[in-house]
Amino acid sequence: MTEQRTDPPGARRAPATDMSLLGVYLNDHLAGATAGTARIRHLVRSCRGTALADALAPVAAEIAEDRASLLHIMRRLDVPVRRYKVYAGRAVEQIGRLKSNGTLVRRSPLSTLWELEAMGLGVEGKMAGWQTLRDLAATDARLDPRHLDDLVERARRQRTTLEELRRKQVQVAFRET
């Protein structure tokens with residue numbers, strides 16, 4: 001008769017995660033976090049001296065903290081940072097700045113709207129990443145479920161703030177002058 005091992009209730013098992021795939025996944029999120037951090041900092045600088053910049057500054061600080069949290073989690077999981085993905089994320093963000101939005105000499109209000117929409121989508125993706133890690137925390141003791149819950153909640157707040165700012169920017173971008 002084979003002895004069957006049962007873990008006590010609440011015990012956490014060893015990770016049953018494909019770490020090579022998780023490494024790809026987390027590095028892809030790191031590329032996005034790198035682009036997002038640079039994008040929102042650029043947006044804050046572009047709107048300096050406005051109520052929009054004041055509202056975005058705390059979100060920008062949190063987004064930078066979230067990127068640092070991701071790096072910390074990757075270290076805890078022994079997932080190496082793939083620098084080429086970080087550089088690619090940065091390059092994509094800078095290329096995105098070249099998009100023409102109807103004006104050549106000054107910043108278009110459409111640029112701000114587009115950037116707020118892009119940041120909202122980025123935060124949605126980040127939130128999904130935190131939720132994925134939260135799901136994996138059930139079987140991987142290296143992941144802190146409470147910290148991940150906090151990161152998910154913070155992403156929700158960021159998304160709400162970005163959506164409110166986006167809706168205000170619609171009025172700015174499309175008002176008749």
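Side notes on the structure shown:
- In region 106-177, the trypsin sites (Lys or Arg not before Pro) that fall in loop regions by DSSP, at most 12 other Cβ within 10 Å: Arg106, Arg107, Arg175
- Net charge contributed by nearby residues that have their C-beta within less than 13 Å of Leu22 (K/R +1, D/E -1): -2
- Point-to-point label distance, Val172-Ser46, nm (Cα→Cβ direction, 7 Å offset): 1.1 nm
Rule-based calculations on the coordinates, nothing more; no lab input. These numbers come from a predicted model, not from an experiment. Virtual Cβ from ideal backbone geometry, glycine too; neighbours counted across all protein chains shown.
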